[in-house]
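Here's the structure we're looking at; comments come further down.
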Amino acid sequence: MGIEESLQIILKKIEVIESFVISAQQKKREEKKYMRVDEMAEFTGLSKRTLYCLCSRGEITFSRVGKYTMIHTDSMMAYVENKAKQSIRKKVEALRQSHI
């Protein structure tokens, strides 16, 4: 089995995992449209500081409700999905380059 065939198998497995994760995330999103920063930190595994930075840079949408910063769940999941895809593409390209 060649490198290209191995990469194709890996990409297919990643797609299956992504679809599972997206499905689970969609179920969670249906439950809540917004989450407090501490809830989102627990849900995503990102630190509260990182989430506040993403809000301040405009990378995710949020609203202020009293003393709480409420992060729009769809915006956060789109950000996470985009970053995951970028990471996977970089890794696959690095594998391809190392075997050329």
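Per-structure values
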| item | result |
| --- | --- |
| Longest exposed-site-free window of the chain, the sites being trypsin sites (Lys or Arg not before Pro) in a DSSP loop that have at most 12 other C-beta atoms within 10 Å | 68-100 |
| Label corresponding to mean projected area of the Cα convex hull in nm² when calculated from the structure given, among (1) 6.1; (2) 7.5; (3) 9.7 | (2) |
| Pairs of Lys in the chain closer than 20 Å at Cα, counting only those 8 or more apart or on different chains | 17 |
| In degrees, nearest ten, helix 3-31 long axis to first principal axis of the chain (Cα) | 20 degrees |
| Estimated 222 nm signal from helices in the chain, with DSSP H stretches of n ≥ 4 weighted -39500 (n - 2.57), rounded to 500 | -24500 deg cm²/dmol |
| Volume of the Cα convex hull of segment 32-78, divided per residue and given in Å³ | 65 Å³ |
| Estimated dipole of segment 32-78 in Debye, rounded to 20 [Cβ of Lys and Arg +1, of Asp and Glu -1, Cα centre] | 180 debye |
| Cα long-axis angle, helix 73-98 against the chain (0 to 90 degrees, to the nearest 10) | 20 degrees |
| Neighbour-count ranking [beta-carbon atoms within 10 angstrom, fewest first] of Val92, Val65 | Val65, Val92 |
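Every number here is computed from the coordinates shown, using simple stated rules; none is lab data. If you're wondering where the values come from, they're calculated on a predicted model, not measured in any experiment. Note that each Cβ is placed from the backbone with ideal geometry, even for glycine, and that neighbours are counted across all protein chains shown.
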